[in-house]
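Novice: Questions regarding the structure given below will be posed in turn.
The values are calculated or read from the model by the stated rules, or taken from the named source; none is laboratory data. These numbers come from a predicted model, not from an experiment. With ideal geometry, Cβ positions are generated from the backbone for all residues, glycine too; neighbour counts draw on all protein chains shown. Protein only, heavy atoms only, side chains kept; ligands, DNA and RNA dropped before computing areas. Shrake-Rupley method; radii C 1.70, N 1.55, O 1.52, S 1.80 Å.
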Amino acid sequence: MINVQDLMKTYNDVKALNGLSFQAHDGEITGLLGPNGAGKTTCLRSLYGLIQPDSGSVEVDGLTPKTQALDVRRRIGIFPDKFGLHERLTPREHIRYIAQLHGLKGEVLDTQVERVIAELNMADIVDRRTQGFSQGQRMKVALAQAIVHQPKNLILDEPSRGLDVMSTRILRELMFGLREQGRCILFSSHVMQEVAALCDRVVIMVKGQVVANDTPAALCEQTGEASFED
Ligand code: ADP
Ligand code: ADP
């Protein structure tokens, strides 16, 4: 569970977050929807401790990134907004590397890596160099890295940006599977349609503040077809 309360963050004179508050619950997919510059990335980075907010509080399963950074990182998986793959390495090597950073060793390491390869149905690509991989294949490597340590919470920053329709559909199915397992999933997007198709709850943010927080059905009734396309 993720709890954000009254978060403030100013860069120089830009107010990126201006009293942001919302919660994301276990067993649900929560969408953080807003136009470019709304503060989505700043919010997500505060959750894994990459950014120190000026004030307000962030909790992940009741823990604070500032003082319990290691525990928090164990509990969250991160699908970053720009993920780089090493072209000379295979997906298996990518996944093992991140798993080792999380402290997995020996048999547990092997088991978890094999589990995620099976779960994401990537056995056919796992020992090929990633050079020349499609967007969908790259997405799977990044997602495998995000969930190899079985985090309770999964955070995705604009996961479908740059993905084709097929890869987006695969990602959606995988997220539904993770929700079934009771995980707390929080992802950001600037496309209402995508959020509506995927989420149990939508938090709309503009200029660092929440302007709406409801189910997709209720929001569509209120706003019609809202979108923040670039
Ligand atoms: P979003 O992810 O919704 O596009 P961001 O969190 O990236 O929003 O940005 C929110 C605002 O903060 C924007 O105006 C952006 O230009 C500004 N901003 C983000 N990161 C920095 C930074 N490192 N330095 C200065 N301004 C920043
Ligand atoms: P996104 O759209 O995913 O929020 P951006 O492409 O806007 O990401 O930002 C890329 C990087 O540049 C981030 O590390 C962000 O913090 C930083 N950044 C964004 N806006 C500014 C800014 N006005 N000044 C300095 N750094 C910024």
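Novice: Using amide H atoms built 1.01 Å from N in the peptide plane, name the residues 5+ places from Val206, or on other chains, whose amide H lies under 5 Å from its own.
Specialist: Val211
Novice: I'd like the Karplus ³J(HN,Hα) series for the range 47-52: coefficients 6.51, -1.76, 1.60, θ = phi - 60°, whole numbers in Hz, and an x wherever there's a Gly or Pro.
Specialist: Taking θ as phi minus 60°, the curve returns 5, 9, x, 7, 10, 9 Hz for the range 47-52.
Novice: A further question follows. Assuming a ≥ b ≥ c are the square roots of the Cα gyration tensor eigenvalues, decide whether the range 98-189 counts as rounded (a/c under 1.5), prolate (otherwise, with a/b larger than b/c) or oblate.
Specialist: Since a/c reaches 1.5 but b/c is at least a/b, the shape of the range 98-189 is classed as oblate.
Novice: Need the list of lysines near Lys9 for cross-linking: C-alpha distance under 23 angstrom, and skip anything on the same chain fewer than eight residues off.
Specialist: Those lysines meeting the cut-off are Lys40, Lys66, Lys82, Lys207.
Novice: Quick one: angle between helix 165-180 and the longest Cα principal axis of the chain, in degrees between 0 and 90, rounded to 10, please.
Specialist: Rounded to the nearest ten degrees, it is 80.
Novice: While we're on this one: What's the Cα-based Rg to Rh of the range 46-145, Rh via Kirkwood?
Specialist: Radius of gyration relative to Kirkwood radius: 1.03.
Novice: Between Ala118 and Asp54, what is the label-point separation in nm under the 7 Å Cα-to-beta-carbon projection?
Specialist: Between Asp54 and Ala118, the label points sit 5.1 nm apart.
Novice: Give the long-range amide H neighbours of Ala16: residues separated by 5 or more places, or on another chain, with amide H under 5 Å away, using H modelled in the peptide plane at 1.01 Å from N.
Specialist: Lys9, Thr10, Tyr11
Novice: Taking each pair of distinct Cα atoms in the range 100-146 once, what is the resulting Kirkwood hydrodynamic radius in Å?
Specialist: 11.4
Novice: Here's a follow-up. Can you compute 3J(HN,Hα) from phi for each residue in the range 61-74, using the Karplus curve 6.51 cos²θ - 1.76 cosθ + 1.60 with θ = phi - 60°, rounded to whole Hz and x for Gly and Pro?
Specialist: So the J values, rounded to whole Hz, are 6, x, 9, 9, x, 5, 9, 10, 4, 5, 4, 5, 5, 5.
Novice: Something else about it: So what's the Cα pair-distance distribution over the range 1-91, bin width 5 Å, in %?
Specialist: 3, 12, 22, 23, 19, 11, 6, 4, 1
Novice: With θ taken as phi - 60° and the coefficients 6.51, -1.76 and 1.60, list the Karplus ³J(HN,Hα) couplings across the range 152-157 in order, rounded to whole Hz; mark glycine and proline as x.
Specialist: Using θ = phi - 60°, the values come out as 6, 10, 10, 10, 10, 9 Hz.
Novice: If you take every DSSP beta bridge whose two residues both sit in the chain, what share of them, in percent to the nearest 5, is antiparallel?
Specialist: Of all bridge pairs located within the chain, approximately 50 percent are antiparallel.
Novice: Note down the accessible area of Arg169, probe 1.4 Å, to the nearest 10 Å².
Specialist: Rounded to the nearest 10, the figure is 120 Å².
Novice: Let me ask another. Tell me, in nm to one decimal, what length is gained between Ala69 and Ala217 on full extension, where the rule is 0.36 nm per residue of separation less the Cα-Cα distance?
Specialist: Length gained between Ala69 and Ala217: 49.7 nm.
Novice: If you build the Cα gyration tensor of the chain and take the root of 5 times each eigenvalue, what three semi-axes come out, in whole angstrom, biggest first?
Specialist: 29, 21, 16
Novice: Round to the nearest 10 and give me the degree value, 0 to 90, for the angle of helix 91-101's Cα axis relative to the longest principal axis of the chain.
Specialist: Helix 91-101 and the main axis of the chain meet at about 70 degrees.
Novice: Separate question: Where the centroid of each part is defined by its Cα atoms, how far is the range 63-126 from the range 1-59 in Å?
Specialist: A separation of 24 Å, based on Cα centres.
Novice: Taking the Cα centre of the range 175-220 as the origin, how large is its charge dipole in debye, to the nearest 20, when only Lys and Arg (+1) and Asp and Glu (-1) carry charge on their Cβ atoms?
Specialist: It works out to roughly 120 debye.
Novice: Moving on to the next point. Calculate for the chain the 222 nm mean residue ellipticity that helices alone would give, adding -39,500 (n - 2.57) per DSSP H run of length 4 or more and normalising by residue count, nearest 500 deg cm²/dmol.
Specialist: -11000 deg cm²/dmol
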